[in-house]
Amino acid sequence: MEIPRGIREAIQKDGMQMNDKKCCGHIKGVVCDVKNCAYHDGETRCTAGEITVGPTYASTSHDTACATFKPNEDMKG
């Protein structure tokens, strides 16, 4: 999954690379409470290789969503 241009530019502006944020099987600094996501580690961590958050027109955190979300098939009843 490609990182949207605006997010990629913000990361590069801060001098960070996505690979610098991956640690111990999870993304360092990212807290996730979405337990039914395939990338959730069962605690509070995301194990996706990278995440995409949008949309670009968001003005509050309530307007955002993780586009990397993938339903955990093991949790379906």
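Details
- Filtered residues of region 56-77 (kept if surrounded by fewer than 12 Cβ atoms within 10 Å (Cβ to Cβ) and either touching a helix residue (DSSP H, G or I) at 6+ places or on another chain (Cβ under 7 Å) or closer than 16 Å to HIS26 by Cβ (or both)): THR56
- Residue check, LYS70 among the basic types (Lys, Arg) and at pLDDT below 85: no
The values are calculated or read from the model by the stated rules, or taken from the named source; none is laboratory data. Nothing here was measured: the structure is a model prediction, and the numbers come from that model. Please note: Cβ atoms are built from the backbone with ideal geometry, for glycine as well, and neighbour counts cover all protein chains shown.
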